[in-house]
Each structure stands twice: as structure tokens, then as C-alpha cells.
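Derivation of every value follows stated rules applied to the coordinates shown; laboratory data play no part. A quick note: this is a predicted structure, and the numbers were derived from the prediction, not measured. When we count neighbours, we look across all protein chains shown, and the Cβ atoms used for this are built from the backbone with ideal geometry, even at glycine.
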Amino acid sequence: MKVAFIVGEFPVLSETFIINQITGLLDRGYSVDIYADCPGDWSKLHGDVIAYNLRSRTHYLPEVPSNLFWRAIKGGGLLAKRLMQAPGETLRSLNFVKYGEPALSLWLLYTLIPHFAQRYDIIHCQFGTVSFRGMAFQTINAPTAKLLTMFRGQDISRFIQLKGPHIYDRLFQVGDYFLANCKFFQQRAIELGCPPDKIRVHGSGLDCSRFPFQARNLPSNGSVRVATVGRLVDKKGIEYAIRAIAKCRQTYPKLEYWIIGEGPLRSSFEQLIESLNLSENVKLLGKKSQEELIALLQQTHLFVAPSVTASDGDQDAPVNVLKEAMAMGLPVISTFHGGIPELVEDGISGFLVPERDAAAIAAKLRYLIDHPERWPAMGQAGRAFVEKHYDLSDLNDRLAELYQQLAASVPRSPATVLLPTS
């Protein structure tokens, strides 16, 4: 079976969930190609990108400018190039009589691959935001393939606030099936118009064998190290964890907080750390590979994932790094946010607190530091939950089964395929 993954950027170090699905399908004998709008950072890679030589499977499509003026200007140059390569196919992509607005808006031209010979069974859009590319790819390159779209977070939260509640109307009409990585986003998609019988929850899996379990105990010198992993952006709520550390520092002077990740708020956090006199306690460690991340988490005792709903509406699903921390035996503190309560059992594998509540985070940190006897049981509970609900091999088996069912279903006429006007 041949599968085309549609993504916005590739590779992305933090998007291990996409790499895990690709390699899982390759291990099961599937043929997988990756189509992206733009290149990611090839200088710092997940080990499987190298091991499976995913570069050879990656293709970059011309990025579609959101500004219609620049889309037309750049489209002129692309049109000239495509007419030289494949005049008949290029003119077909501009056939507005047959395809309507998708042809007029140049989506088909920007997605056309001249002399395309692949026959894909499945087109898998890895985010709702790339489903527009996926619909164009299906229409102009692979009209017999089934279209599957997965909602993962910002595509069903921030993007909706930005584009409006009807942005996916045509996708819900023509898409063959949909996945959401948690119940929270599944319900959101249904509220937006996704047919309830065409969507199910499919979590992002984890290969727990890569994340060694380690029971956590309080060091004899009383030094406690807390970690957060994530991009330095608003929705990760890292500001509130920093403020919580400030509230705890006087009682626990040996408390140390590692922030692992990179992003646009780094300078803001540096200023906050300095203003709170936390330079000795809080360290910004930057972006790390998965192997480096595991090594760092092995040196920590507690994990904080203080996710919040960002000002632009962006929300999190059950965060992958939170699963990784739980798999490694770390008691966790997170928030009542998005899909996170589906992962963290409050009071069992860790604690949940309200969003943007530094005082509540501090209170749970104090409790855990004062009650280290609870750490091993919480760590065991977290590991067991991740193994039961997010086993990567099991989830990849289920994905492969879904592909088989979709491929075997009654084909839809290419003439019924519609595209959004965005």
C-alpha cells in the first residue's frame, strides 16, 4: 500500500509523532512518501530520520502564499515553468470550468507535480491546516486516493479562531475519514461540522522501550531538579512555572528548574528569570534531540507541563513530552487544559491545577517535595497509563488497519472533490 503524508514542514524535531507513524508504517511494509511545504532543520535530527533515510522520501511542493497578490505574482513564474515541463497537465490545473475556485485561486497549479506517476491509496494530512494542500494533491495528482485528515491541536483551536468556524466545511464534506489525537479535539471537530461517524480518537503513540523507567527518590542532599520540555511559546505556560519556582525558592534553596526547548519567548523568559533573581535556580537549556532529552530527564525528579490557552486560542492535546516524562517515572504537574486531563490522572500519576495559576503550581511542588515517599507510586502509575493507552506499536497497527478499511471502501468519483477557496 502506498501512502502520501502531507505536512507543512519537515523534518521538525518536536514532531516525533509524525516520524513514529512513518517509521511504523515502513516497518509494516507500507510505502510512504512525505510532501511538505517547506524544509525543516536538517542540522538537528531525530535518529530515525537518519536510520530510515527519510530525506530520500521527502519532497517539497511550492509554498502557496496566503496573500493573493503574491500568489498571483509567484504563480506567473511557476506557470511558465510548468508549461515548459508539462503543458497539458498545467492547463488542466487552470481549468476553472471543471474545478472552479481551486483552479482560479491557483491551489491546483501550486500543487501539480508534472508527469506524476504514483498511485497512492491514502493521502494522510497530518494537520487540519495542511488539508487544503491535501485536497488539492488528491484532485490534481491522485484522484483515486482516499483522504484522511488528523487534528492535533493548533489546527482545531488557534486556526479556527483565526479563520472562523466554517474553514473546514468543505473538508468535512469531501474527506473520507478524520482522526483527532484526543477526545477534546474530537468533540471540537464534531461541533464544527465533522460527521460523528467519520472521526475517531487516535492518540500519538510512544515507544516506551526508548524511555527507561526510573523510580524517583529524594536525593540525600535535598537537591530537587524540576524540568519542563516544550517550545518557548505562550501556550506552554512556562512563565507560570518560573513564577512558581520563585515562590518555592526561599523554602527550598536547592530547587533547580530546567527549561528544555527554544522559541520566541526566550528573551522574555531571560528577563523574567533575572527580575526574580532566579539565575542560579532556573536554566534555559535550549533545543535538544530526543537522545539528549532522555539523558536530561534521567537527571530530574519532577516534571511540570503548565499548558494554557494562548491569547490566539491555541491549545494542547495530551502533550507528547508529558507522556515521555511519565514513561520515565517522573511525577508530573500539569493543568486542566485541552486534552491533558485525558492523560494525567489527578492525584494518581501527578496533579492538575488551573491554567495560569503560579500559586497552585507552587503548592503542588511544595507538596511533592515534602512527600517524596509518593514519587515512586506516581511514577509507576504514569508509566502504566502510557503503556496501556499510548503504546506506539498498537496505535500503528490500528492506523494500518484503518488504511486498509479506507482503501477497500467504495471509491468516490473525482468529480465530487471540492476545495476551499483559501
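A few remarks follow.
- Column: log10 I(q)/I(0), Debye, Cα scatterers of segment 273-422, q = 0.11, 0.18 Å⁻¹: -0.58, -1.17
- Span from the segment 184-219 Cα centroid across to the segment 109-132 one, whole angstrom: 26
- Over segment 39-172, the hull volume per residue, using the convex hull of the C-alpha atoms, is 149 Å³.
- Around Leu206: net Lys/Arg minus Asp/Glu count, Cβ-Cβ under 9 Å: -2
- Working ranking of peptides 155-168, 308-321 by packing, defined as the average number of other Cβ atoms within 10 Å per residue, highest first, is 308-321, 155-168.
- Taking Cα Rg over 2.2 N^0.38 Å as calculated from this structure, the corresponding entry among (i) 0.91; (ii) 0.98; (iii) 1.05 is (iii).
- Charges were assigned to the Cβ only: +1 to each Lys and Arg, -1 to each Asp and Glu. The resulting dipole of the chain about its Cα centre is roughly 560 debye.
- Radius 15 Å from Cβ of Gly77, net charge of other residues (Lys, Arg +1; Asp, Glu -1): +3
- Expressed to the nearest 5 percent, the antiparallel share of DSSP beta bridges inside the chain is 0 percent.
- Electrostatic bookkeeping for Leu45 treats Lys and Arg as +1 and Asp and Glu as -1; over the other residues with beta carbon under 11 Å from its beta carbon, the sum is -1.
- Options Asn396, Val12, Gly76, ranked by Cα towards positive dipole end of the chain, top entry (Cβ charges): Gly76
- Cα shape, segment 65-142, gyration tensor, a/c 1.5 rule: oblate
- Pairs spanning more than 31 Å between alpha-carbon atoms, out of Lys183/Lys247; Lys198/Lys323; Lys2/Lys81; Lys247/Lys388; Lys44/Lys235; Lys44/Lys81: Lys183/Lys247; Lys247/Lys388; Lys44/Lys81.
- CD proxy at 222 nm, helix term only [per DSSP H run n ≥ 4: -39500 (n - 2.57); per residue of the chain; nearest 500]: -11500 deg cm²/dmol
- For the chain, the relative contact order is 17 percent, taking Cα pairs closer than 8 Å that sit 6 or more residues apart in sequence and dividing their mean separation by the residue count.
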